[in-house]
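The values are calculated or read from the model by the stated rules, or taken from the named source; none is laboratory data. None of the values given here were measured: they were computed from a predicted structure. Backbone-built Cβ (ideal geometry, glycine too); neighbour counts: all protein chains shown. Surface areas here come from the heavy atoms of the whole protein model, side chains and all, with no ligands, DNA or RNA. Shrake-Rupley method; radii C 1.70, N 1.55, O 1.52, S 1.80 Å.
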Amino acid sequence: MSWNPQYRSSKFRHVYGKAASKEKCYDCVPITRNVHDNHFCAVNPHFIAVVTECAGGGAFLVIPIHQTGKLDPHYPKICGHKGNVLDIKWNPFNDFVIASCSEDATVKIWDVPKHLLTRNITSPNKELLGHVRRVGLIEWHPTANNILFSSGYDCKIMIWNLDTKEAVISNPVKILDAHKDVVLSMSFNTDGSLLATACRDKKIRLIDPRAGTVLQEGSYKSHKVNKVLFLGNMKKLFSTGTSRWNNRQIALWDQNDLSVPLLEEDLDGSSGLLFPFYDSDTHMLYVVGKGDGNIRYYEISSEKPYLNYLMEYRSHLPQKGMGMMPKRGLEVSACEIFRFYKLIPTKSLIEPISMIVPRRSESYQEDIYPLTTGAQPALTAQEWLNGVNKGPVLVSLRPGSGAVNSLPQFLEPEPLMKTPDMSQHQGQGGRMPVENMQKPSVIEDSRKQLKVEEKLPKNEQKCLSNGFDIFECPPPKTENELLQMFYRQQEEIRRLREMVNQRDVQIKQLELELRNLCTDTGSY
């Protein structure tokens, strides 16, 4: 008789949430009081943007990520909308471009200056006019550059191509009118070839966005859906909503059959919305409750029971919305695998919450940081519109790999944009599309591009570090930050020493082989 253990073997069983100290929070931020069901916060490795409360029109703040502490009450805003701002999203391929949508039925694209804001920004780079009612949702395409989706209360989803010189765009490239009611949520699969939507008519739809056809449509009597999320490449959808008894509920669906959920589970009787977040690198799912201070997290598996509960982060401070830091902005030296930015309007506070895997070693943990989505697009807008599908460009998070930058387009030379670091290919790093990871021709092309980079002047290569001038990086404010910087430098020195030692060993082995070869040749 075999013994079956009652516990699962997982490296993420003991993940815990850690709230930032007071000096690392953003204080005195006038967070919006709008009751719209959105995150109201967008984060990238350089900035945190948050929708703010203001009189006359809508506005949002863009704060440098390192500028923690109390915010100046006269801090400049981005305030070009005539109605309340309902959603904001950073461009995934340019950390200095942000999109916003509003009750004034417009979508605006803003260029954020590299330096600190000194005055209000009122003129957008582009304005998208097409919706006849307020626009509640916007989403950037995950792999194609300059493709934006917007959804309004006119029950239409519009696809915009921003690769034009026009400042005002009034004709979207495609209009999806498959919905009979307001769209509550949109989510893409990994390569952006499929779009999942949750609608107020209680239905989940799977749509081919370029053809405009509904591939799957499902509704379940005991599950009223609010938010839907693609679970990476697992061909599953996750939704949050309410049961017929108004309990908060989560459900898991097969992408190819939306008639009946694979799993359905009631959580509690609270009334706040549930926001789902998925990390495709670790297969961890986070469920955040609006109006409470809890973050539940699960691990997703491809076999039953599919959803494995891990733990719950609890706090007495209720959250109105959540921002999520992309993986390339995490602190890998602290084994941080996810970071939330929690909006607490009752205290005018934004509190970072880090999800950490407890490890004793201070070295880079490659098993919890696989290759992740980088900051370079895999496709141009026109390629995607022509029907091409490509997975995201993957990069390594190893310190010193240099593959986590997302520079403004006007500062980024073309040869450098596609130039990989050859040292990353040895440590499973590198900047390659998923389908080309093991092709020798791609590595050969990379070597040719590396020669192009070596020929460039040095001043072109060292002008920026993480999008900012090296000399403008803020110095450490506390002893703790100083220690962290010291440990990072020590880790980098140790890694370089290991690399040098490995090269020495390789040289000695080659010398020995050459000597043996010469001896064998001489004996014959």
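Can you run phi through the Karplus equation (6.51, -1.76, 1.60; θ = phi - 60°) for the range 360-375 and list ³J(HN,Hα) in whole Hz, with x for Gly and Pro?
7, 5, 9, 7, 5, 9, 5, 6, 9, 10, x, 4, 10, 5, x, 10
What are the residues whose amide H is under 5 Å from the amide H of Phe40, where those residues sit 5 or more places off or on another chain and H is modelled from the backbone?
Residues meeting the criterion, in which the H sits 1.01 Å from N, are Ile88.
Have a look at the range 96-204 and give its Rg and Dmax from the Cα atoms, expressed in angstrom.
14.5, 46
I'd like the GluC sites (Glu not before Pro) in the range 94-200 restricted to DSSP loop residues with at most 15 other Cβ atoms within 10 Å, sorted by number.
Glu166
DSSP loop chymotrypsin sites (Phe, Trp or Tyr not before Pro) in the range 172-254 with at most 16 other Cβ atoms within 10 Å of their Cβ, which ones?
Loop-located and lightly packed - Trp245.
Between the range 235-260 and the range 211-228, how many Å separate their Cα centres?
9 Å
Please give me the summed charge of the neighbours of Asp104: other residues whose Cβ is under 14 Å from its Cβ, Lys and Arg +1, Asp and Glu -1.
Summing Lys and Arg as +1 and Asp and Glu as -1 gives 0.
Any idea how far the Cα center of the range 499-524 sits from the one of the range 273-339, in Å?
Distance between centres, Cα-based: 51 Å.
Rounded to the nearest percent, how much of the accessible area of the range 280-368 (1.4 Å probe, protein heavy atoms only) is carbon and sulfur?
Carbon and sulfur together cover 48 percent of it.
May I ask which of Lys89/Lys174; Lys24/Lys320; Lys70/Lys227 have a Cα-Cα span longer than 26 Å here?
With Cα atoms farther than 26 Å apart: Lys70/Lys227.
What is the dipole size for the range 124-229, taken about its Cα centre, with +1 at each Lys and Arg Cβ and -1 at each Asp and Glu Cβ, in debye to the nearest 20?
Magnitude of the dipole: close to 460 debye.
Sort 267-274, 85-92 for me by packing, meaning the mean count of neighbouring Cβ atoms within 10 Å per residue, highest on top.
Highest mean packing first, the order is 85-92, 267-274.
Ignoring ligands, DNA and RNA, please state the percent of accessible area on the range 72-121 from carbon and sulfur, probe 1.4 Å.
Answer for the range 72-121 is 52 percent, counting heavy atoms of protein chains only.
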